[in-house]
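Asks: The structure's right below; bear with me while I get my questions together.
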Amino acid sequence: MSLLRLFVIFAFTVVIGFCDLATAQSKERQDNNLLTSPKKVSATMPLSQAAEQDEKENGRTALKALLGLANATADGLNYREFTAKLREVEGIVDEALRKMGSGPLRDEIAKSLQCYKDARNYWREKAEKQVSALILSEDEVQALKKRYGAGVESAVSSLPDSPKKQVAIEPLVKAIWEHAASIVLQAERKQQKQ
């Protein structure tokens, strides 16, 4: 064999070796990128079965706590009992909501909890200001009805010689409780159908 031929074979082997090394390094970089790059998730991708189960379980936990509060308010509570029960339920529901994705069930749970918080705030105002009623404009009364349902009407009365309305706090709180309970019951029925 000639020296030239040996040199060509040697050079060819070296070039192939470098190509194999470069290909291996490139593949290693790709693999590293795949390992370190977060996987993109689309909002349209379906949740895995495990995530769906977690979602349902968190929904059930929140609904169970809210149903307990609805039953307690139906039986009757004083302000101190209600605020203590609400604090307990609020912790459970807030934790469940943090773990839940967005959607109608989450929205209904959050809306119901907010109603109970609003009821507490109106009742607190009664206790702190030692008043039994709020004096509101017609627009404010309509906003209450829109937010808490027609049951608010039972708390409203007209004031003589005034466009303002008087809203009795205790019947308002009870109307809000009833509205919150109806939201919870509706959400529970929807979840049971799933």
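Asks: Considering each of THR61, THR44 in turn, give the residue that is closer than 26 Å to ALA187 by Cα, out of contact with any Phe, Trp or Tyr (no Cβ under 6 Å at 6 or more places or on another chain), of a type in the set (Ser, Thr, Tyr) and at pLDDT 85 or above. Step through it out loud before you land on a result.
Replies: Numbers: THR44 fails: at pLDDT 85 or above.
Going through THR61, THR44 in turn, the sole match is THR61.
Asks: Output the residue which, of all residues in region 134-173 that are among the aliphatic types (A, V, I, L, M), touching a helix residue (DSSP H, G or I) at 6+ places or on another chain (Cβ under 6 Å) and without any contact (Cβ under 8 Å) to a residue 40 or more places away in the chain, is farthest from LEU86 (Cα to Cα).
Replies: VAL156
The values are calculated or read from the model by the stated rules, or taken from the named source; none is laboratory data. For clarity, every value in this text was computed on a predicted model and none was experimentally measured. Don't worry about glycine lacking a Cβ; one is built from the backbone with ideal geometry, like all the others, and counts go over all protein chains shown.
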